[in-house]
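J.: Here you go, one structure.
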Amino acid sequence: MLLKISFEPSQLTTWLDTWLHTNLPTWAALAIEFVLIGAALLTLYAVLALALIYIERKITAFFQARLGPNRVGKYGVIQSVADMVKILIKEIIHVNQSDKFLFYAAPFFMIVSSMLTFGALPFGQGLHVVDFNVGVFYVLAVSSLGIIGVLLAGWSSNNKYSMIGAMRSGAQFISYELSAGFALMTVVVLSGTMSFSQIIQGQTYLHQWNLIAGHIPALIAFIIYLISGHAETNRGPFDLPEAESELTAGYHTEYSGLQFGFFYLAEYLNMFIVAGIAATVFLGGWMPVQIQGWDTFNDIMCIIPSPIWFLGKTMFLVFLSLWVRWTFPRLRIDQLLNLEWKYLLPINMVNILLMVIIVLLGWTLK
């Protein structure tokens, strides 16, 4: 048997928590922990966004037989950082005859919604900021706040193109939120819990991954969730709210500088969040690949730290998202809504009933 020599970040967080509570009053220890967690989340949020922007540019270039960023830094790795600095120092252009309060508040709804959902992701063993016993319900609830920012941005801009983009986004988000919710509820039926940590613990071995243990209904839920999540993030071919050829930039046409940066940042992080939730509930989350009876193989897999497993599974799904975006043409609005209401939603409702029957009959591989 091999020793499990991997270093888990949870060891550091546990040591720090013990040290703070030993040497400081409880209120001071908690205050320091809250500040450190907030700073860590914000840093990770920004770093992931920059990394995703660079990754998409390179993958897009590969699909289109070109190089992509290749000037700023080795292989263009600092290009995203240069763009971030540029957008921070860009002038914010004030729009006449706009509702200034709502206009300035809209980007914060997007960022807050994205951050609240981001904090619920289990990044590794013990790296879980909020682990509610209704974690799936919490994610569905707080992620829905983002549409408020979109609608406020479109309406307060006093621009017909922004308003059309906001209305499209509202219809699209509300429609596909139903399918995303039903797909996650299918997994909840299979797992018997809404807690992300318990869902992960129930997927110890490869055959216990919800994607495999739930048979065909789990596979259908997985595909529908990926489609719905892709549509909710306004990524092509579901990018009607930001259709450049029709609406310039959609609901954030009138935004500039850092305000536009907030929308841009939230879009990329929402793509990561959708992939992270899918990896957590369907692919075992941060749990390493374990095959029952293969003890040596399992020990080798356990050497890899749990955050690496989570990021690996998530980035694989991000790659699939980018692949879809740069493969299919943009849908028309009627095609987009027909796909949801005439196909995905009915299939989802039948699928969740099938999952209930499978669980009641004990046909799962759990």
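J.: Here are some residues: Val350, Val356, Val318. Which one is part of a helix (DSSP H, G or I), of a type in the set (Val, Ile, Thr) and in contact with a Leu (Cβ under 9 Å, 6 or more places away or on another chain)?
T.: Just one listed residue meets the conditions, Val318.
J.: Just checking, which of Gly170, Gly146 is modelled with pLDDT under 90, open to solvent by less than 70 Å² (accessible area, probe 1.4 Å) and within 20 Å of Gly261 (Cα to Cα)?
T.: Gly146
J.: I'd like the residue in segment 288-301 that is open to solvent by less than 30 Å² (accessible area, probe 1.4 Å) and in contact with a Phe, Trp or Tyr (Cβ under 7 Å, 6 or more places away or on another chain) and, out of all such residues, is nearest to Gln208 (Cα to Cα).
T.: Gln290
J.: Across segment 86-119, what is the number of residues that are open to solvent by 70 Å² or more (accessible area, probe 1.4 Å) and among the hydrophobic types (A, V, I, L, M, F, W, C)?
T.: Residues meeting the conditions: 7.
J.: What pairs come up if the first residue lies in segment 24-52 and is open to solvent by 30 Å² or more (accessible area, probe 1.4 Å), the second is of a type outside the set (D, E, K, R) and in a helix (DSSP H, G or I), and their beta carbons are under 7 Å apart, counting only those six or more places apart or on different chains?
T.: Ile32/Leu20; Glu33/Leu20; Leu50/Ser80; Leu50/Val81; Leu50/Met84
J.: Every residue in segment 67-85 that is among the charged types (D, E, K, R) and either surrounded by 14 or more Cβ atoms within 10 Å (Cβ to Cβ) or within 30 Å of Ala166 (Cβ to Cβ) (or both), please.
T.: Asp83
J.: I want to confirm something. Restricting to segment 173-197 and keeping residues that are open to solvent by 60 Å² or more (accessible area, probe 1.4 Å) and out of contact with any Asp or Glu (no Cβ under 8 Å at 6 or more places or on another chain), which single residue is modelled with the lowest pLDDT?
T.: So, considering only residues that are open to solvent by 60 Å² or more (accessible area, probe 1.4 Å) and out of contact with any Asp or Glu (no Cβ under 8 Å at 6 or more places or on another chain), the one modelled with the lowest pLDDT is Ile174.
J.: Pull out all pairs, ordered by first then second residue, where Cβ-Cβ is under 6 Å, the residues are six or more apart or on different chains, the first lies in segment 95-121 and is farther than 22 Å from Leu41 by Cα, and the second is part of a helix (DSSP H, G or I) and open to solvent by less than 20 Å² (accessible area, probe 1.4 Å).
T.: Within 6 Å, the pairs are Ser98/Ser156; Asp99/Ser156; Leu102/Ser156; Phe103/Ser156.
J.: Is it the case that segment 326-339 has a residue that's open to solvent by 70 Å² or more (accessible area, probe 1.4 Å), assigned to a helix (DSSP H, G or I) and among the polar types (S, T, N, Q)?
T.: Yes; the residues of segment 326-339 include at least one that is open to solvent by 70 Å² or more (accessible area, probe 1.4 Å), assigned to a helix (DSSP H, G or I) and among the polar types (S, T, N, Q).
J.: Looking at segment 198-278, what helices (runs of 4 or more DSSP H) fall wholly within it and have at least 1 residues that are surrounded by fewer than 24 Cβ atoms within 10 Å (Cβ to Cβ) and among the polar types (S, T, N, Q)?
T.: 244-247
J.: Run Ala153 past the list (1) over 20 Å from the mean Cα position of the chain (by Cα); (2) open to solvent by 30 Å² or more (accessible area, probe 1.4 Å) and report the number of the one that doesn't hold.
T.: In the conditions (1) over 20 Å from the mean Cα position of the chain (by Cα); (2) open to solvent by 30 Å² or more (accessible area, probe 1.4 Å), Ala153 misses (2) alone.
J.: Another one. Could you tell me which of the residues Leu30, Leu48 is over 20 Å from Gly276 (Cα atoms) and either in contact with a helix residue (DSSP H, G or I) (Cβ under 7 Å, 6 or more places away or on another chain) or not charged (D, E, K, R) (or both)?
T.: Criteria check complete, one pass: Leu30.
The values are calculated or read from the model by the stated rules, or taken from the named source; none is laboratory data. Owing to the predicted nature of the structure, the values given are computational and were not obtained by experimental measurement. FYI the Cβ positions are ideal-geometry reconstructions off the backbone, even for glycines, and counts take in every protein chain you see. What goes into the accessible areas is simple: the full protein's heavy atoms, side chains included, and nothing from ligands, DNA or RNA. Shrake-Rupley method; radii C 1.70, N 1.55, O 1.52, S 1.80 Å.
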